[in-house]
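> There's a structure below that I have some questions on.
The values are calculated or read from the model by the stated rules, or taken from the named source; none is laboratory data. These figures come from a predicted structure and were not determined experimentally. As a convention, Cβ positions derive from the backbone with ideal geometry for all residues, glycine included, and neighbour counts pool all protein chains shown.
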Amino acid sequence: MFEQQTILIVDDEWMDRSILTELLKNDYRLILAKNGEQAVHKAAKYLPDLILLDVVLPDISGYEVQRRLREQQRTRHLAVAFITSQDSADDEAYGISLGAYDYITKPFHLAVVKARIANILRLERQRALLEKLASLDGLTEVHNRRKFDEILIEEFHRCASWEAPLSMAMLDVDHFKAFNDCYGHGKGDDVLKLVARCMRVSVPLSSGYVARYGGEEFVMLMPGVSEQDSMGICRQTIQLVQDLNVPHEKSTAADVLTVSIGGVTVFPSLEESPSRILRQADFALYSAKKAGRNRILWYTECAESAEPPLVNQLN
């Protein structure tokens, strides 16, 4: 059963809003706006599946609303269909050139409008599903490396704008090659799926992101989460993995499957690159593995040195 889709109706005419509301209210969740500024605000707040956008509005035009939506990372993907009494071929071509799905003219032919909306939302659902599948790691079903790189840039800049902390932790399955050699690659794949599940439990969707970074290496990105809280999330992850009690007789860290984690918490700046946080988390992970594995090491920025200072958190 699909979740009910959301439509944002943007029209300054009360009669037109009423007609569309009556036509669509039984099939979709509806949000209403009377002008362009409301449309931009509500689109960013609710991220509707479709925006029915009047071209002529009392403050800014529907075309300007569409341009603003396309300029913002959060709203650039939203589906838009223009609704207007301007029915020339040039008007329609211009609206489509701005990235609109469709151009619906007034007065409304209700059966045609309803069919067009259903078609747009069907295509939008398919697009969203394909995009989701393209962003996931096929084995573990967490974000893949490509999607993580996009998320990191977006969250780094967002935390910089809000002057909020950004925490990252890189995780490596201890002696994974030895595990594969001993128990087989099928068991190795099962282990990666279990580790990803433990990470998803520790990092709720409201707190951050989990991704497979490559091979047996994963990453947790936690925007707005303090160093103390993110370290607590990592401790929980280590414990959950150990509690699986998966035998690992070839490990020097323990007789069961374990993981090592290296993390860092920074306050990003718009003037710097997200690559800094990646390097620091990777250095902390390397140090955790070098120190004996099955532990957390947290990079700290309290001093500059050839080997950055680390906070050691044993399991």
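> If the requirement is being outside the structural domain of Ile19 (by TED's automatic domain parsing) and closer than 30 Å to Asp102 by Cβ, which of these qualifies: Glu150, Glu216?
Matching residue, one of Glu150, Glu216: Glu150.
> Could you tell me how many of the residues in region 105-114 are part of a helix (DSSP H, G or I) and surrounded by 16 or more Cβ atoms within 10 Å (Cβ to Cβ)?
1
> Within region 192-209, take every residue that is more than 13 Å from Leu240 (Cβ to Cβ), of a type outside the set (Ser, Thr, Tyr) and at pLDDT 95 or above and give me the one that is surrounded by the fewest Cβ atoms within 10 Å (Cβ to Cβ).
Lys193
> In region 243-261, what count of residues is obtained for those that are under 31 Å from the mean Cα position of the chain (by Cα) and either farther than 23 Å from Gly214 by Cβ or at pLDDT below 95 (or both)?
Residues meeting the conditions: 1.
> Identify, by number, the condition in (1) in a helix (DSSP H, G or I); (2) modelled with pLDDT under 90; (3) under 21 Å from Leu57 (Cβ atoms) that Ile117 doesn't meet.
(2)
> Being under 16 Å from Phe148 (Cβ atoms), assigned to a helix (DSSP H, G or I), in the same structural domain as Asp172 (by TED's automatic domain parsing) and hydrophobic (A, V, I, L, M, F, W, C) narrows it down to one of Leu205, Leu278, Leu221, Leu240, so name that one.
Matching residue, one of Leu205, Leu278, Leu221, Leu240: Leu278.
> Looking at Asp181, Asp174, Asp102, which one is crowded, with 16+ Cβ neighbours inside 10 Å, over 26 Å from the mean Cα position of the chain (by Cα) and not assigned by TED's automatic domain parsing to the domain that holds Val55?
Of the residues listed, the single one that is crowded, with 16+ Cβ neighbours inside 10 Å, over 26 Å from the mean Cα position of the chain (by Cα) and not assigned by TED's automatic domain parsing to the domain that holds Val55 is Asp174.
> If you don't mind, there's one more thing I want to ask. Is at least one residue of region 37-44 basic (Lys, Arg), in a strand (DSSP E or B), surrounded by fewer than 22 Cβ atoms within 10 Å (Cβ to Cβ) and in contact (Cβ under 8 Å) with a residue 24 or more places away in the chain?
no
> Checking Asp229 against (1) over 26 Å from Arg146 (Cα atoms); (2) over 22 Å from the mean Cα position of the chain (by Cα), which test does it fail?
With respect to (1) over 26 Å from Arg146 (Cα atoms); (2) over 22 Å from the mean Cα position of the chain (by Cα), Asp229 is out only on (2).
> Anything in region 147-171 that is surrounded by fewer than 21 Cβ atoms within 10 Å (Cβ to Cβ) and among the acidic types (Asp, Glu)? List them, or say none.
Asp149, Glu150, Glu154, Glu163
> Report whether or not Ala211 is of a type in the set (A, V, I, L, M, F, W, C), assigned to a loop (DSSP other than H, G, I, E, B), assigned by TED's automatic domain parsing to the domain that holds Phe156 and in contact with a His (Cβ under 9 Å, 6 or more places away or on another chain).
The answer is no for Ala211.
> Mind listing whichever residues of region 243-266 are of a type in the set (A, V, I, L, M, F, W, C), part of a strand (DSSP E or B) and within 18 Å of Leu297 (Cα to Cα)?
Val259, Ile261, Val264, Val266 - these are the residues of region 243-266 that are of a type in the set (A, V, I, L, M, F, W, C), part of a strand (DSSP E or B) and within 18 Å of Leu297 (Cα to Cα).
A quick yes/no check of all residues on (1) among the acidic types (Asp, Glu); (2) surrounded by fewer than 16 Cβ atoms within 10 Å (Cβ to Cβ):
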{"residue": "Tyr46", "(1), (2)": "no, yes"}
{"residue": "Leu52", "(1), (2)": "no, no"}
{"residue": "Arg70", "(1), (2)": "no, yes"}
{"residue": "His77", "(1), (2)": "no, yes"}
{"residue": "Asp90", "(1), (2)": "yes, yes"}
{"residue": "Ala93", "(1), (2)": "no, yes"}
